[in-house]
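Remarks on the structure that follows.
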Amino acid sequence: MISRSLAVAVASVIPLLPGAHGLGAQDTAATRLEPVVVEVSRGARRSLLELPFAVTVQTPDSSRPGQRHLNLDETLWLIPGLSVSNRNNPSQDPRISIRGFGARSAFGVRGIRVLRDGIPLTLPDGQTPVDYLDLESVGRVEVMRGSASSLYGNAGGGVVDLRTSEPLPVPISAAARFWNGAFASRRFVAKTAGSTDGFGYQANVTRTESDGYRDYSRQRMTNGFGRLSHDDDSGSYGLEWLGVNTPVAQNPGAITRAQFESDPQLADPLSVRKGARKAVKQSQFGLTARRGISRGEFEATGYVGTRGLDNPLTFAVVDVDRTMSGGNLRATLPFSTFGADNRFTVGTEVQFQNDWRRNFTNCNDIPPPTTPTATCPTPGVERGSITLNQREIVSSVGSYLRDEVDLGERYSFTASARADAVRFRVKDKLITATNPDDSGERRLGAVSPMFGILAHLTDSHSAYANVSTAFETPTATELGNQPSGAGGINQELKPQRSLTYEVGIKGVGASSLQYNAALFSTRVHDELIPFDIPSSPGRRFFRNAGRTSRRGAELGLGVALGDFEVGSAYTYANYRFVDFTVGTADYAGNRIPGIPRQTFQLTATLHTPIGSFVTEGTTTDRMFVDDANSESAPGYAVVNARIVSSAFWQGSGAEVTVGAQNLFNTRYISSVSVNAAGRKFYEPGSQRAVFVGITLQAAARRALDNQ
């Protein structure tokens, strides 16, 4: 049923494309698997065909030109097992999940480690804010799926490593891009890049403004990125910065099913009355160095950053000032023993996070507006009395080792383990006669091993199997949000632990056929489950489920025939509670909410002298919205299409893009808020949005010829 819906939708678009008399291809890896080497393996750079776990590589702008770089759902497209739920809420990050991990995150990204050029964006408590992540300069995406990613620590779903594009091979170049589209959406980008004698640079600044598809979803944001690099025969070095200033990002909240049926553009009335929104400033510097040593390699990374957040919510005004820092040292050393070649990797990673968190009473919409109260002493002032004032300090140390052993020409064996220790500390600064000292400390840790074997079936095909474990701590906010209303650290909430069995096959076949398939079974103990309570609507609390089971299949296929490219990604996800009781309710056998059972994505690109014609389609099953499976968001099929052309400005560096998101104006729910109070589960997806983009570029002729 799923395949048929999307096939009908895409088939209705393809005939509209000039000369679209066939289909072409692009694998989920977006490039030929055989020569592709990846960094995300946390060892020496390796070919995809030599890794005994599921890895996908994307080059988004090459395979699907004309992207606006607005959201991660554009960049992380066509990766089986991974989904991005665009919440159409500028105050909330998109919800990213891999094999179901992270699907029920209330804010930020959870259960997945996110890196930028090998530098972690994920904090030591496991949370990743991605609102400051610049997508304009991303040229390559590497995704490791499953618990084999535990070598990166404190996550069970996988790793997403966003790699910066290579600078143009000229001393200087410049580009400007302007986008204009539906819902008063405007975006301006200025870029520069160049390289000479092994030194390279690139920088961009972006201004984004939008009134949003939904009511009360206005956004104003400026973000930027800069990188200096040097490469020579002995190694490579890089210094980069990324940051954001978002003075306005309104929060329309989730709505009920009846409200969605009435008008999907509605905002939650309580969120509007309380002025829910956020303003954020963040800046981060990172340094990377890689150097060859004998036949091996040494790598060092370090970063430091700050973040300021003003976040009025329906239950409080949250103010956070944060500093974060960290570093990683890794060495990979090849050697031989007992006639077998070994590739041994050892490393240590440290991270620090220091938050000064203050909560105030939200005094918006407090009747009557002119009467002072104990909690809102100044009428008309949003911030009332302070209810929380504490320093939250999180530190983590993780040491890991890995050995790859070649067992003859056809087989290799990989074993790895990581030991993690995460420390949470709270220093309470609000101590009164009625509010006792909530200062405290909690330490969480685990050892996560992985074993894998890989068989080279031929030079361009391989099969693998692995067994891996992972653990995931609650975040500092999740430990601090206690249903009792107490401050400090929740001493009862446990980290979740997972065990995964996985088999897969990948390779390159005739006619540029590319494929990547995996089957997996994951058992999770003490899974972290979000829920709301009526007395604190909009505030997320967490509890542990006894056991859950995740069984799934992932398939990526692609083929390239001349100027035609087509790629597809299919995910089957049978995720259920095995042992989970809340009060008298037994949820054993229920589907885990927030995750559709089936998802299918398809893209087709036709390159002609006139321009490139791109179509994208996605369809999903329904997904349940609560642990009881009492309601579900219906499945949907959505198609996007665009034309990218420089034919009329040949040689001028000018390019025009015209496109439409949700071409057939489907009304659908793109994301859900799991177990939300008041049955406010639903976050509607945008209906049709037409856009136009104009790009102007100036660079030396040899740079343009090499693009």
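The values are calculated or read from the model by the stated rules, or taken from the named source; none is laboratory data. It should be emphasised that the depicted structure is a prediction, and the values quoted were computed from it without experimental measurement. All Cβ positions, glycine included, derive from the backbone under ideal geometry; neighbour counts span all protein chains shown.
Could you run through segment 250-280 and say how many residues are of a type in the set (A, V, I, L, M, F, W, C), surrounded by 22 or more Cβ atoms within 10 Å (Cβ to Cβ) and either within 21 Å of the chain's Cα centre (by Cα) or at pLDDT below 95 (or both)?
So the count comes out to 1.
For segment 366-377, what are the residues that are at pLDDT below 90 and within 41 Å of the chain's Cα centre (by Cα)?
ILE366, PRO367
Of all residues in segment 125-140 being aliphatic (A, V, I, L, M) and surrounded by fewer than 23 Cβ atoms within 10 Å (Cβ to Cβ), which is nearest to LEU444 (Cα to Cα)?
My answer is VAL130.
In this structure, does LEU70 turn out to be among the hydrophobic types (A, V, I, L, M, F, W, C) and under 30 Å from GLY275 (Cα atoms)?
Here the answer is yes, as LEU70 does meet what is asked.
May I ask you to verify whether GLY556 is under 21 Å from HIS525 (Cβ atoms) and surrounded by 21 or more Cβ atoms within 10 Å (Cβ to Cβ)?
no
Filter segment 297-350 down to the residues that are among the acidic types (Asp, Glu) and farther than 23 Å from LEU123 by Cα, then identify the one that is surrounded by the most Cβ atoms within 10 Å (Cβ to Cβ).
So the residue we want is GLU297.
Residue-wise test of (1) in a strand (DSSP E or B); (2) more than 33 Å from the chain's Cα centre (by Cα); (3) surrounded by fewer than 15 Cβ atoms within 10 Å (Cβ to Cβ); (4) of a type outside the set (Ser, Thr, Tyr).
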position	(1), (2), (3), (4)
SER416	yes, no, no, no
THR432	no, yes, yes, no
GLU441	yes, no, yes, yes
VAL447	yes, no, yes, yes
PHE451	yes, no, no, yes
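Just checking, does segment 385-400 include any residue being within 24 Å of VAL320 (Cα to Cα), touching a strand residue (DSSP E or B) at 6+ places or on another chain (Cβ under 8 Å), surrounded by 14 or more Cβ atoms within 10 Å (Cβ to Cβ) and among the charged types (D, E, K, R)?
Yes, the conditions are met somewhere in segment 385-400.
Scan segment 88-107 and tell me whether some residue there is of a type in the set (Asp, Glu), out of contact with any Gly (no Cβ under 7 Å at 6 or more places or on another chain), over 20 Å from ASP61 (Cα atoms) and outside any strand (DSSP E or B).
No, every residue in segment 88-107 fails to be of a type in the set (Asp, Glu), out of contact with any Gly (no Cβ under 7 Å at 6 or more places or on another chain), over 20 Å from ASP61 (Cα atoms) and outside any strand (DSSP E or B).
Is it the case that PRO65 is assigned to a loop (DSSP other than H, G, I, E, B), surrounded by fewer than 21 Cβ atoms within 10 Å (Cβ to Cβ) and either modelled with pLDDT under 90 or over 17 Å from the mean Cα position of the chain (by Cα) (or both)?
Values: assigned to a loop (DSSP other than H, G, I, E, B): yes; surrounded by fewer than 21 Cβ atoms within 10 Å (Cβ to Cβ): yes; either modelled with pLDDT under 90 or over 17 Å from the mean Cα position of the chain (by Cα) (or both): yes.
Considered against the rule, which asks whether it is assigned to a loop (DSSP other than H, G, I, E, B), surrounded by fewer than 21 Cβ atoms within 10 Å (Cβ to Cβ) and either modelled with pLDDT under 90 or over 17 Å from the mean Cα position of the chain (by Cα) (or both), PRO65 comes out as yes.
Is it true that LEU270 is under 26 Å from GLU478 (Cβ atoms) and outside any strand (DSSP E or B)? Explain how you work it out, then say what you get.
Values: under 26 Å from GLU478 (Cβ atoms): yes; outside any strand (DSSP E or B): yes.
For LEU270, the condition - under 26 Å from GLU478 (Cβ atoms) and outside any strand (DSSP E or B) - is met.
Rundown of residues vs (1) at pLDDT 95 or above; (2) in a strand (DSSP E or B); (3) within 26 Å of ASN88 (Cβ to Cβ), yes/no style:
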| residue | (1), (2), (3) |
| --- | --- |
| GLU240 | yes, yes, no |
| GLN282 | yes, yes, yes |
| ARG291 | no, yes, no |
| GLY305 | yes, yes, no |
| ASN311 | yes, yes, yes |
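Across segment 571-592, which residue is nearest to the chain's Cα centre (by Cα) among those that are assigned to a loop (DSSP other than H, G, I, E, B) and surrounded by 16 or more Cβ atoms within 10 Å (Cβ to Cβ)?
In this case the residue turns out to be ILE592.
Can you tell me which residue in segment 630-665 is farthest from GLY66 (Cα to Cα), limited to those that are in a loop (DSSP other than H, G, I, E, B) and either touching a Pro at 6+ places or on another chain (Cβ under 6 Å) or polar (S, T, N, Q) (or both)?
My answer is SER630.
Looking only at segment 176-229, how many residues end up being under 23 Å from ARG688 (Cβ atoms) and either in a strand (DSSP E or B) or small (Gly, Ala, Ser) (or both)? Quick ask: steps written out before the conclusion?
Step one: list which residues in segment 176-229 are under 23 Å from ARG688 (Cβ atoms), which gives 177-187, 208-219.
Applying the additional criterion that residues be either in a strand (DSSP E or B) or small (Gly, Ala, Ser) (or both) yields 177-182, 184-187, 208-210, 212, 217, 219.
Within segment 176-229, residues that are under 23 Å from ARG688 (Cβ atoms) and either in a strand (DSSP E or B) or small (Gly, Ala, Ser) (or both) number 16.
Go through segment 260-289 and report how many residues are under 21 Å from SER671 (Cβ atoms) and without any contact (Cβ under 8 Å) to a residue 40 or more places away in the chain.
Result for segment 260-289: 4.
Are any residues in segment 435-473 under 22 Å from SER399 (Cβ atoms) and among the aliphatic types (A, V, I, L, M), and if so, which ones?
In the first step, residues of segment 435-473 are kept if they are under 22 Å from SER399 (Cβ atoms); the result is 441-452, 466-473.
If the condition is that a residue be under 22 Å from SER399 (Cβ atoms) and among the aliphatic types (A, V, I, L, M), then LEU444, ALA446, VAL447, MET450, VAL467, ALA470 are the ones that fit.
Which pairs do you get when a residue that is closer than 14 Å to ALA184 by Cα, found in segment 673-690, comes within reach of a residue that is of a type in the set (A, V, I, L, M, F, W, C) and part of a loop (DSSP other than H, G, I, E, B), reach meaning Cβ atoms under 7 angstrom, with the pair 6+ apart or on two chains?
Final answer for the pair search is ARG688/LEU663; ALA689/ALA182; ALA689/PHE183; VAL690/ALA182.
So which residues in segment 332-349 are at pLDDT below 90 and either acidic (Asp, Glu) or not in a strand (DSSP E or B) (or both), if there are any at all?
Matches in segment 332-349: PHE338, GLY339.
List the number of the failed condition for ASP233; all other conditions in (1) surrounded by fewer than 16 Cβ atoms within 10 Å (Cβ to Cβ); (2) at pLDDT 95 or above; (3) not β-branched (Val, Ile, Thr) hold.
Answer for ASP233: the failing condition is (2).
Under 9 Å by Cβ, and 6 or more places apart or on different chains, what pairs join a residue from segment 81-109 that is acidic (Asp, Glu) with one that is in a strand (DSSP E or B)?
Matching pairs, first to second residue: ASP93/VAL109; ASP93/THR128.
Any residue in segment 59-76 that's touching a residue at least 40 places away in the same chain (Cβ under 8 Å) and among the small types (Gly, Ala, Ser): show its pairings with residues that are part of a loop (DSSP other than H, G, I, E, B) and buried (at least 22 other Cβ atoms within 10 Å of the Cβ) at Cβ separation under 7 Å, as long as the two are six or more apart or on different chains.
Listed pairs, sorted by first residue: SER63/GLN26; SER63/ALA30.
Per-residue answers, yes or no, for (1) in a loop (DSSP other than H, G, I, E, B); (2) in contact (Cβ under 8 Å) with a residue 24 or more places away in the chain; (3) farther than 17 Å from VAL84 by Cβ:
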{"position": "GLY594", "(1), (2), (3)": "yes, yes, no"}
{"position": "PHE600", "(1), (2), (3)": "no, yes, no"}
{"position": "THR603", "(1), (2), (3)": "no, yes, no"}
{"position": "LEU606", "(1), (2), (3)": "no, yes, yes"}
{"position": "PHE613", "(1), (2), (3)": "no, yes, yes"}
{"position": "ALA628", "(1), (2), (3)": "yes, yes, yes"}
